Amino acid sequence: MLENPYINVLIVAVLTVALIVSASYGLGFLARSIVRARGATPKQQESAFAGYFFAAPWIVGFIIFVVVPLSFSLYWSFTDYRIASGAPATWKGIENYRNILLHDTGFRASLVNTLYLTLIGLPLQMGVALFLAVLLNQKMKGERVFRMAFYLPVILGFNTAVLLCWRLMLNTGTGIVNQIIRAISTSVPPFGVFSRALILVQEVVTAFFLGMNTGKYNLLTKVLEAGFPADNRVPLWVQSPLWTKMSVILLMVWGCGTMMLIFLAGLNNIPKELHEAAEVDGATAWQKFWRISFPLLTPYIFYNLVVGLIGSLQIFEPIFVLYRDNEPIVSSTISMVYYLWETSFSHFEIGYGSAISWVILVIILIFTLIQFKLQDRWVTYDVY
């Protein structure tokens, strides 16, 4: 390669284009030869050539950017490969996997944290999405505006700018979220008592889970000794290890727009005559929802559950942006993918990090297979 980096980039780009074009023609001619050997007509031969010619760029990209990295990752997971040392990878067999599953307390803590976020955050996310879908399925003025507003968080996504805005809004002293809580608590005293009761319950539960990770329950003891929160107490969203998980769960619920649209599509697909017949029989609104709408929504619930579970088990961006620069805080909510990033790209232990990634993949596959095995017990696909 030349010393000029711009020329090097240009050469690589030209070679990449040449590879894609060559692969396109190569696959096209190969497909034409195969169908010709099977006695295809000239028109069928040309169709085969055109199909594989246009599919070749995707196939080449899939091989280069998916198959090859996965193959290297699988190989490195059985080695001691530390990229910063400059030394070649040395074979370790299943030692990395044995350490992860039996001895790595950091991974075990990240697994507990991830399951906590999933078991609490995912039901809340789906519940809010279903509630909004039912609400927006009613005939009202400006329903399209409301739908767009609730879907806006999905469009914005978990990019850095949005998460930094959330970090400012969740600030204990000046954040708008706590300012709203203070204002409502002052004007409506019962709400203040209720919010402080929720604060106590949340901190006790979180302190218990943190104790499970460390084996020490000092934080739980402090929470119990402190007793019922004071009148001016508000959540310490990004300032306390007791609230980091709840702030991440709040962001998960905030991004429920895609689930909401899927539920909304399911509600629109329910035959209206079923609700009309129920009304004739004197069914209430709740009975129509629970006896008709909910059973027919189970395929959509199942889809959201599978996709949501996979996403929850891979949660990374909120933790990375909100807490990366605060080590005592991030350790209380570190997820499996964050632990993978820290191992691979902070400590540069590529071999061990690759093993973690495959363990995460197996965990996700196990949970997904369990859901597919159990779907026959509660998912209803037949309308009549």
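Read-outs: derived from the displayed coordinates by stated rules, not from any lab. Since this is a predicted model, take the numbers as computed values, not measurements. Neighbour counts run over all protein chains shown; Cβ positions are idealised from the backbone, glycine included.
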Original post:
Per the Kirkwood formula on distinct C-alpha pairs, the Rh of the chain is how many angstrom?
Top reply: 25.4 Å
Original post:
Which loop-located trypsin sites (Lys or Arg not before Pro) does the range 25-91 contain, where loop means any DSSP state but H, G, I, E or B and the Cβ has at most 10 other Cβ atoms within 10 Å?
Top reply: Arg38
Original post:
Reachable lysines from Lys139, Cα under 20 Å, same-chain residues fewer than 8 places away excluded?
Top reply: Lys272, Lys288
**OP:** Tell me the label-point distance for the pair Arg108, Asn268, using the 7 Å Cα-to-Cβ offset, in nm and rounded to one decimal.
**Re:** 5.0 nm
Original post:
From the square roots a ≥ b ≥ c of the eigenvalues of the alpha-carbon gyration tensor of the range 74-113, which class results: rounded (a/c under 1.5), prolate (a/b over b/c), or oblate?
Top reply: prolate
Original post:
According to a simple spin-label model (label point 7 Å from Cα along Cα-to-Cβ), what is the distance in nm between Thr221 and His347?
Top reply: 2.9 nm
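Dividing the alpha-carbon radius of gyration of the range 251-384 by 2.2 N^0.38 Å (N being the number of residues), what value is obtained?
Details: Rg = 20.8 Å, N = 134, 2.2 N^0.38 = 14.1 Å.
The range 251-384 yields a ratio of 1.47.
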Original post:
Size of the dipole of the chain about the Cα centre, Lys and Arg at +1 and Asp and Glu at -1 on the beta carbon, nothing else charged, in debye to 20?
Top reply: 420 debye
Subject >> Global form of the range 302-380, assessed from the alpha-carbon gyration tensor, a/c cut-off 1.5 >> reply: oblate
Subject >> Contour excess over end-to-end distance, with Cα ends at Val66 and Ile366 and 0.36 nm allotted per residue >> reply: 105.8 nm
Original post:
Put +1 on the Cβ of each Lys and Arg and -1 on the Cβ of each Asp and Glu in the range 291-384; which of Ile364, Val379, Ile329 then has its Cα farthest toward the positive end of the dipole?
Top reply: Val379
Subject >> Calculated on alpha-carbon atoms, Rg and Dmax of the range 230-310 in Å >> reply: 18.9, 55
Subject >> Extension reserve of the Leu15-Phe294 stretch, reckoned as 0.36 nm per residue once the Cα distance is removed >> reply: 94.9 nm
Original post:
For the range 37-54, what does the Karplus curve 6.51 cos²θ - 1.76 cosθ + 1.60, with θ = phi - 60°, yield as ³J(HN,Hα) per residue in whole Hz, taken in order and with x for Gly and Pro?
Top reply: 5, 8, x, 6, 6, x, 5, 5, 5, 5, 5, 5, 4, 5, x, 6, 5, 7
Subject >> Debye intensity ratio I(q)/I(0), log10, the range 61-155, q values 0.17, 0.19 Å⁻¹ (C-alpha model) >> reply: -0.92, -0.99
**OP:** Report, in whole Å, the centroid distance computed from the Cα atoms of the range 249-313 and the range 208-234.
**Re:** 37 Å
Original post:
Over the Cα atoms of the range 97-240, Rg to Rh with Kirkwood Rh, two decimal places?
Top reply: 1.04
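I need to check one value: relative contact order of the chain, counting alpha carbon pairs closer than 8 Å and at least 6 residues apart, in percent. Kindly include the intermediate steps, with their values, before the conclusion.
Details: 401 pairs, mean separation 91.5, N = 384.
This gives 24 percent for the chain.
I'd like to compare 21-28, 190-197: which one has the highest average count of other Cβ atoms within 10 Å, and what's the full order after that? Could you put the intermediate results ahead of the total?
Values: 21-28: 16.2, 190-197: 14.4.
Final packing ranking: 21-28, 190-197.
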Subject >> Whichever lysines have a C-alpha closer than 22 Å to that of Lys216, once near sequence neighbours (fewer than 8 apart) are set aside >> reply: Lys245
**OP:** Measure of size requested: the Rg and Dmax of the range 5-76, with Cα atoms as the atom set and Å as the unit; please supply both.
**Re:** 16.0, 51
Subject >> Protection-proxy order for peptides 358-364, 134-140, each taking the mean of Cβ atoms within 10 Å per residue, highest first >> reply: 358-364, 134-140
